[in-house]
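First comes the structure, then the notes that go with it.
The values are calculated or read from the model by the stated rules, or taken from the named source; none is laboratory data. Remember, it's a predicted structure, so these values are computed and weren't measured experimentally. Quick reminder, even Gly has a Cβ in these numbers, built from the backbone with ideal geometry, and neighbours come from all protein chains shown. Just the protein is used for accessible areas: all its heavy atoms, side chains included, with ligands, DNA and RNA removed. Shrake-Rupley method; radii C 1.70, N 1.55, O 1.52, S 1.80 Å.
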Amino acid sequence: MKQNQTNSGKCNRWYRRRLANRCLVMGGWLLTGLVFCPAVVAAVGYPQDQGQQSVSGIDETKYFDDSLDLVDREPYDEIKLDDYNNNVVIRIIPLNTPPPNPIPADGYLQFEAPDLNENILQVPFSNIVSYRNFNQLLIDEADELIQSENYASAYRNLLYVYDHGGRGSPVIEKSIQNCLYQDGRLNYLAGNYELAISIFEEVYNRDRDFIGAGFNKKPIEVILDSIDLNIKKKFEAGKYDSVMMTLEQIGELYGKESLRMIDRWNGLMLKHSNDLIAESKTLAAQNKGKESHLKARQANRVVPNRDEALDLYEEIVDRFPIVFVGVTNNSAGADPLRLDLWGGRRVGRLTMRSVVEFSGLSDEGGRYEFLNGKLEQADEDGLAYRFTIEASESSQSIPQITALELASKMISMGSYERPDYRTSFAKVISTVEIEDENNVLIKLRRQFIRPEALVQFRYDDPFSGQPPKQNGKYVMTSKNDQIAVYNRNPEYSPIKDRQHPEIVEWLFKNASDAVDAIIGGEVDVIDRVPLAELPRLQGNASVQVEAYVVPTVHMLIPKLRNDFTRDKNFRNGLLRGINRESILNEMICGGNDIDGCEVISGPFPRGTEENDQLAYGYNTKVRTEPYNEKLGMVLVQTVQQQMIDKLVADGSKNPVVKRPTLVLCHTRDDIPKIACAAIQRMWGELGVKVDLRELAPGETIPPDDDWDFLYYEMSMQEPLTDVDTLFGEEGLVEDLSAPVQQSIRRLGYADSWQMAGLTLRRMHRQIRNDVSVLPLWQLKEHYAVRDNLREVGRNLIHLYHNVDSWRIVPRVKKEEK
């Protein structure tokens, strides 16, 4: 007998099939074409003492998937046979119309029973005790679900019956109404008011006067009660804009019936706004600027555009100019030169300076500025550059440095025994000479297209063991778990007609909360907008969203500490087992198509439509390998089998090779956490177990060797020199192939952008061939600014790039918008 191996497909194909000329031999019976009653009995287990035999070869595979809810299965009917047939119950698909009710005494029922075999079967009506069609099965199950108060599942059953022949039946319609009513009642009692509202609205639309047991209330009464309690929850949570929106909606939906509740809540909102105004005035009188600011902002949120609240806020801003910045990355590890720590770099650029700073993009590569004077080419061959220290009115505010200090720092960077030694610097710079008290000359071993990028270092000594010196435009004056306060550095002279507002960074654990805060006016700017929330902000007239110049590149860096991770085929299998498109598009971008956010094939930035100057190292000819779970599984299994084969070849009789549990490290930021959780699940599908390890605040690299892969993100602003962070002698990536090492050496000889780009692109291809890193995606990062914060700027390198020009205003005129 041919076995039925399928467990899916439309049931109507069973009606169409005609299995003519099939034979089944059992107990001496030879039955052709149709299998009659004794065959049915034998198929389902006729008692052996009746002289019948069981049929061998019966397909045990269930056609109807019992793991699904009944309403989600292929439709079937059910018959129960008599005592003679051992009271068996069979799930069937009838070939003809179902028998009339009651079942007649004469005749046969022809059907198929896919759970048992593929034959057309037949049983006398006289042997059928009961017959239930699929609708009746659903109704009977719904009754049981209602008894257990599982109204949501019962409703699904009843709705199916309603849509498949039950429409117009008063019994079915009343059962559906009652099911909905009771499900809404349970959600109401459990405090799930939004769900209760949606359920009772369905009841209301079906029958406005329906009253179910347990409440003795009409649907509109329960709806308004639920809305009232839901508004209370939102009000207590400070979601005032949501409260106002709800009040507007219910007025449109329920008209006069909702007027009393709307009036009551409008009165409560007005009273709360007045209370906040009074608190703000009290706090201002106590010189508590931040607290007064927040109360005044909240007062305007509760009842927007009230003159009383706006007038107060104008007074507060004039007296206490404060900008609230919403952040999701804290200030741990602050350093202006950190390219791999978003929050640390942001705060580092606000509170610290480096002697040479990256200030933007030029037509080719980056643009750099020597803060204490000028840095210029000193000869015709491009083998000498001169630092000239100049006194100017603006330089009086920035940290001072002497020619001796400048030369000493660069000599230290070229000395192998020093902690701040940099291989890339030492390979290019030959000598450092002090010409006089204002001039330092550096000579190059060979021409190099961007020597300025090699001399970025801080004024203080980061290896001294002392806290970083705050020599930036602002200094941190206080900090707790949620708030960090920054004030203008007194060492910097105030600039005429500039506001220099106090800056308060407000740390949000949830990025969506930061978006809610800027929409509601509680913060003025968001440092890093969650990409999934971009459309919500871009559609708000009071918020402007801009992109940073430098994107972030994301990758997994392997730690080659076992035979598996050392095998590039194993690493390639892991890469092919990551659905990078899905993680990026669905989890990170929230389904939004964002220019500059794309899967990459190598470790270098691909650039964006507006800024492609950074793309000189990206090899577009190296294609991004698509997700292929089967290939990934094969590669992982093949590596394991090769290890077993090697042990056998070496004489082992019972070789056992177990895959290690991989440790995947990531920072505490949202994107790494979301991505690594998804990667853990996807690698699990390949048969590779993964443990996630979250790094401490301020850490981007594990302090020990207990890890196998590291999720690493980097703002690579100058691939020519930043590549050393990953692939240089002190880089993170281990065991580089000879071609990659050769490319790194060639970069030190790059005397043109053409040569630099060609070398980096060759390196890109070889890194992909070696699977030295597992490239993930590039993200185009954004910041968002409310219209009451001016002069933040566009095409920023970091948020505080133009902080000297920031100006907070109390309100925005309609004509300005």
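Rounded to the nearest Hz, the phi-derived 3J(HN,Hα) couplings of segment 736-751 under the Karplus curve 6.51 cos²θ - 1.76 cosθ + 1.60 (θ = phi - 60°) are 6, 6, 4, x, 5, 4, 5, 5, 4, 5, 5, 4, x, 9, 5, 9, where x marks glycine and proline. The residue among 361, 692, 126 whose Cα reaches farthest toward the positive pole of the charge dipole of the chain, with charges on the beta-carbon of Lys, Arg, Asp and Glu, is 126.
Measuring nothing but how far apart in sequence close Cα pairs (under 8 Å, 6+ apart) lie, relative to its length, the chain scores a relative contact order of 11 percent. With R₀ fixed at 51 Å, the C-beta to C-beta distance from residue 480 to residue 65 puts the FRET efficiency at about 0.40. With a simple spin-label model that places each label point 7 Å from the Cα along the Cα-to-Cβ direction, the separation between residue 311 and residue 445 comes to 7.3 nm. Return one number: the angle in degrees, 0 to 90 and rounded to the nearest 10, between the long axis of the Cα atoms of helix 240-254 and the longest principal axis of the Cα atoms of the chain. Value to nearest ten degrees: 40. Measuring between their Cα centroids, segment 426-466 and segment 744-817 lie 25 Å from each other.
Stretch residue 169-residue 657 to full length: gain in nm at 0.36 nm per residue minus the Cα-Cα span?
Working: separation 488, 0.36 × 488 = 175.68 nm, distance 6.50 nm.
Contour length minus the Cα-Cα distance gives 169.2 nm.
Residues whose amide H lies under 5 Å from that of residue 693, counting only those 5 or more places away or on a different chain, are 664, 665, 666; hydrogens are built 1.01 Å from N in the peptide plane.
Backbone N atoms of segment 343-378 closer than 14 Å to the 7 Å Cα→Cβ label point of residue 400 belong to residues 372. A cut-off of 5 Å between modelled amide H atoms, ignoring neighbours fewer than 5 places along the same chain, links residue 807 with 790. Spin-label model, residue 206/residue 86: points 7 Å from Cα along the beta carbon direction are separated by 4.3 nm. Distance between the modelled labels on residue 281 and residue 72, one decimal in nanometres: 6.0 nm (7 Å Cα→Cβ projection).
Here the 3J(HN,Hα) profile of segment 612-628, calculated from phi with Karplus coefficients 6.51, -1.76 and 1.60 at θ = phi - 60°, is 10, 5, 7, 7, 5, x, 8, 8, 6, 7, 8, 7, 7, 5, x, 4, 8 Hz, Gly and Pro shown as x. Using C-alpha pairs below 8 Å separated by at least 6 residues, the relative contact order for segment 332-418 is 15 percent.
Multiply the residue separation of residue 253 and residue 140 by 0.36 nm, subtract the distance between their alpha-carbon atoms, and state the gained length in nm to one decimal. Mind showing how you got there, number by number?
On the way: separation 113, 0.36 × 113 = 40.68 nm, distance 3.67 nm.
Gain in length upon complete extension: 37.0 nm.
Amide hydrogen proximity for residue 687: with H placed 1.01 Å from N in the peptide plane, no residue at 5 or more positions away or on another chain lies under 5 Å. For residue 542, put the label point 7 Å out on the Cα→Cβ axis and report which residues of segment 501-524 keep their amide N under 12 Å from it. Answer for this model: 516-524.
Find the accessible area per residue for segment 116-178; the probe is 1.4 Å, ligands and nucleic acids are left out, and the unit is Å². Write out the running numbers ahead of the final one.
On the way: 2990 Å² over 63 residues.
Each residue of segment 116-178 exposes 47 Å² on average to a 1.4 Å probe.
Is the shape of the chain rounded, prolate or oblate, going by the alpha carbon gyration tensor and its root eigenvalues a ≥ b ≥ c, with a/c under 1.5 for rounded and a/b larger than b/c for prolate? Could you put the intermediate results ahead of the total?
Values: a/c = 3.60, a/b = 1.53, b/c = 2.36.
Judged from the Cα gyration tensor, the chain comes out oblate (a/c at least 1.5, b/c at or above a/b).
Backbone phi angles across segment 75-88, fed through the Karplus curve with coefficients 6.51, -1.76 and 1.60 (θ = phi - 60°), yield HN-Hα couplings of x, 8, 9, 9, 10, 10, 8, 7, 4, 4, 9, 6, 6, 5 Hz in residue order; Gly and Pro are listed as x. Beyond 26 Å in Cα-Cα separation lie the following of the pairs 427/469; 239/288; 646/673: 427/469; 646/673.
Cross-link pairs exceeding 28 Å between alpha carbons, from the set 234/281; 689/780; 232/780; 443/473; 233/780; 409/509: 689/780; 232/780; 443/473; 233/780; 409/509.
Measuring nothing but how far apart in sequence close Cα pairs (under 8 Å, 6+ apart) lie, relative to its length, segment 677-761 scores a relative contact order of 14 percent. On a 0 to 90° scale, report how tilted helix 403-413 is relative to the longest principal axis of the chain, with both axes built from alpha carbons and the result rounded to the nearest 10. It works out to around 40 degrees.
The residue 685 and residue 152 beta-carbon pair, evaluated with R₀ = 41 Å, returns a calculated FRET efficiency of approximately 0.85. Solvent-accessible area assigned to carbon and sulfur over the chain amounts to 46 percent, based on a 1.4 Å probe.
The gain in end-to-end length when the residue 497 to residue 415 segment is fully stretched comes to 24.9 nm, 0.36 nm per residue minus the alpha carbon separation.
For every helix of n ≥ 4 consecutive DSSP H residues, a contribution of -39,500 (n - 2.57) applies; sum these over the chain, divide by its total residues, and give [θ] at 222 nm rounded to the nearest 500 deg cm²/dmol. Write down the numbers at each step before the final one.
Values: 23 runs with 287 residues, N = 817.
Taken over the chain, the calculation gives -11000 deg cm²/dmol.
May I ask you to list the residues of segment 750-794 whose amide nitrogen lies under 12 Å from a point 7 Å from Cα along the Cα→beta-carbon direction of residue 738? Correct set: none at all. Summary of the geometry: segment 645-677 and segment 477-525, compared by the centres of their Cα atoms, lie 44 Å apart.
Looking only at the chain, where both bridge partners belong to it, what percent of the DSSP beta bridges are antiparallel (to the nearest 5)? Don't skip to the answer; put the middle values down first.
Values: 72 of 88 bridges.
About 80 percent, rounded to the nearest 5.
Residues 234, 479, sorted by accessible area with the largest first, give 479, 234 [1.4 Å probe; ligands and nucleic acids excluded].
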